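Peer 1: Here it is: the structure, laid out below.
Only the coordinates and a few stated rules stand behind these numbers; no lab work does. As the structure is a computational prediction, the values presented were derived from the model and not from experiment. Positions of Cβ are generated from backbone atoms using ideal geometry, with glycine treated the same way; all protein chains shown enter the neighbour counts.
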Amino acid sequence: MTPLWLIVAQGYLGVEETPGKLNSPVIQRWLRNLRAWWSDDATPWCATFVAECFLEVDIDRPAAWYRAKAWLDWGRELTVPRLGCVIVYERKGGGHVGFVVGRDASGRIMTLGGNQGDRVSIMPFDEARVVGYRWPLGEPLPEGAPLPVIDSTTPPSTQEG
């Protein structure tokens with residue numbers, strides 16, 4: 001069964017930053033909903049996307065929801081990825097956060113996340129970059145079914161914020 005927050009996240013596929021001085025009205029709405037002190041889509045917003053998806057289904061977020069690596073101290077730790085779990089990656093200058101949606105034929109983790117190529121997208125990531133998997137407290141953990149295999153010929157993500 002697909003977790004509710006993942007259904008919400010899937011509904012945002014394709015939302016993207018607005019180039020130039022303008023800002024995406026959708027990303028600005030997320031920032032207002034989360035009571036952020038900034039309103040532009042140029043500030044890295046991967047954690048904003050994850051926080052908004054949980055807000056919409058009334059699940060708590062970490063106090064520093066706007067920091068990708070803050071999600072490592074949230075919820076319950078998992079030792080293996082599960083469909084819909086929060087996944088936190090290492091990246092130069094910080095971290096990246098999104099939701100696990102499957103694996104590709106090469107075994108890379110398919111991640112639905114915000115600010116992946118400046119939009120909400122599904123991208124493959126090398127597992128070596130993973131620093132943690134998390135699950136919301138109080139939410140039933142799905143049975144240990146294998147992750148779905150998703151076709152991907154895209155190179156692994158290296159440019160996210």
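Peer 1: Among (1) 9, 25, 27, 26, 12, 1; (2) 10, 29, 28, 16, 10, 5, 2, 1, 0; (3) 11, 44, 36, 9, 0, which is the computed P(r) over Cα pairs in 10 Å bins from 0, in percent?
Peer 2: Given (1) 9, 25, 27, 26, 12, 1; (2) 10, 29, 28, 16, 10, 5, 2, 1, 0; (3) 11, 44, 36, 9, 0, the calculated one carries the label (3).
Peer 1: Karplus couplings for segment 130-135 from phi (6.51 cos²θ - 1.76 cosθ + 1.60, θ = phi - 60°), rounded to Hz, Gly and Pro as x?
Peer 2: Using θ = phi - 60°, the values come out as 5, 10, x, 10, 9, 9 Hz.
Peer 1: Let me ask something additional. Positive end of the charge dipole of the chain (Lys, Arg +1 and Asp, Glu -1 on Cβ, about the Cα centre): tell me which of Cys85, Pro62, Pro155 has its Cα farthest that way.
Peer 2: Pro62
Peer 1: How large is the dipole of the chain about the Cα centre if only Lys and Arg carry +1 and Asp and Glu carry -1, each at its Cβ, rounded to the nearest 20 debye? Working shown, then result.
Peer 2: Numbers: 16 positive and 19 negative charges, 60 e Å.
The dipole of the chain has a size of about 300 debye.
Peer 1: Per DSSP H run of n ≥ 4, the term is -39500 (n - 2.57); total these for the chain, divide by its residue number, and report the mean residue ellipticity at 222 nm rounded to 500 deg cm²/dmol.
Peer 2: Details: 3 runs with 28 residues, N = 161.
Using -39500 (n - 2.57) per qualifying helix, the result is -5000 deg cm²/dmol.
Peer 1: Full-extension gain between Leu22 and Asp73, please, as 0.36 nm times their residue separation minus the C-alpha to C-alpha distance. If you can, show how the numbers build up before the last one.
Peer 2: On the way: separation 51, 0.36 × 51 = 18.36 nm, distance 3.37 nm.
The Leu22-Asp73 span can extend by a further 15.0 nm.
Peer 1: Could I ask something else about it? Give me the extension gain from Leu13 to Lys92: residue separation times 0.36 nm, minus the current Cα-Cα distance, reported in nm with one decimal.
Peer 2: Going from the current span to full extension adds 25.9 nm.
Peer 1: Quick one: if you stick a label point 7 Å off each Cα along the C-beta vector at Arg29 and Thr158, how many nm between them?
Peer 2: Going from the Arg29 label point to the Thr158 one covers 3.6 nm.
Peer 1: Taking amide H atoms as placed 1.01 Å from N in the peptide plane, list the residues 5 or more away in sequence, or in a different chain, whose amide H sits under 5 Å from that of Asp41.
Peer 2: Ser24
Peer 1: Return the distance in nm (one decimal) between the two label points of a simple spin-label model at Val57 and Met1, each offset 7 Å from Cα along Cα→Cβ.
Peer 2: 1.1
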